[in-house]
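The values are calculated or read from the model by the stated rules, or taken from the named source; none is laboratory data. Here the structure is a predicted model, which is why all the values come from computation and not from measurement. Each accessible area value is taken on the protein alone, full model and side chains, heavy atoms only, with ligands, DNA and RNA left out. Shrake-Rupley method; radii C 1.70, N 1.55, O 1.52, S 1.80 Å.
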Amino acid sequence: HIAASPPKAPFPVPHFYNKSFGTVQFENCSFENSKWENVIFNHVVFKKCDLSNAEFLNCGIHSCEFVDCKMVGSVFGDTLLKNTKFDNVVGRYLGMSYCKLHIVEINDSDFSEARFTDLQLSKFKLENVNLKKSEFNLVSLFGIDLSSCNIENVLIDPKYLKGAIIDYNQMIYL
């Protein structure tokens with residue numbers, strides 16, 4: 001593993017285009033307002049990184065981890081996330097559109113006021129995720145266990161909620 005730990009200081013906004021990152025760990029790095037376009041990530045760990053307002057466009061994210069990261073306002077567009085984990089991530093106002101998520105786990109994270117549009121989910125797991133005031137558009141939650149999540153004031157068309165697993169007490173929030 002390669003560890004990259006530049007100091008958090010104002011640097012030019014990085015734009016990564018047609019790059020590939022493999023078996024690398026970024027720790028305590030700031031990638032605020034960065035743009036990652038047509039980038040492939042394989043076995044990459046972002047630990048305690050600030051990825052606020054970062055854009056991941058047309059990326060492949062495989063066997064990666066986002067741990068203790070700040071991702072406020074980040075955007076994922078037309079991106080494949082496979083065998084990827086988000087642990088203790090602050091992802092308020094995050095946007096995710098036209099993405100495929102296969103074997104993805106989100107644990108102990110805040111994704112409140114996020115917007116999810118036209119996602120394909122398979123083997124997708126949420127555990128203790130704050131989804132308060134989030135929007136789900138054209139996202140089927142069939143078979144997804146939301147029982148440990150905060151779903152207060154979530155916006156979703158009831159037909160896409162069909163088959164989701166929720167706790168009896170959560171019904172008042174829908």
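For Lys48 and Tyr168 in one chain, what is 0.36 nm times their gap in residues minus the Cα-Cα distance, to one decimal in nm? Intermediate values should be presented prior to the final figure.
Numbers: separation 120, 0.36 × 120 = 43.20 nm, distance 3.53 nm.
So the chain would gain 39.7 nm between Lys48 and Tyr168.
Cα centroids of the stretch 11-73 and the stretch 99-174: how far apart, whole angstrom?
Each part's Cα centre sits 24 Å from the other's.
For the chain, what does the relative contact order come out to in percent, with C-alpha contacts under 8 Å and a separation of six or more?
For the chain, the relative contact order is 12 percent.
Please compute the contact order of the stretch 114-174 in relative form: average sequence separation of alpha-carbon pairs under 8 Å and at least six residues apart, divided by the residue count, as a percent.
Numbers: 120 pairs, mean separation 20.2, N = 61.
Once normalised by length, the contact order is 33 percent.
In square angstrom, what is the accessible area per residue of the chain with a 1.4 angstrom probe? Could you put the intermediate results ahead of the total?
Details: 9020 Å² over 174 residues.
Counting only protein heavy atoms, the per-residue value for the chain is 52 Å².
Between [x] 0.93; [y] 2.13; [z] 1.02, which matches Cα Rg over 2.2 N^0.38 Å calculated for the structure shown?
This structure yields the entry labelled [z].
For the chain, what does the helix formula give at 222 nm: sum of -39500 (n - 2.57) over DSSP H segments with n ≥ 4, over the residue count, nearest 500 deg cm²/dmol? Walk me through the numbers before you get to the answer.
Details: 1 runs with 4 residues, N = 174.
Using -39500 (n - 2.57) per qualifying helix, the result is -500 deg cm²/dmol.
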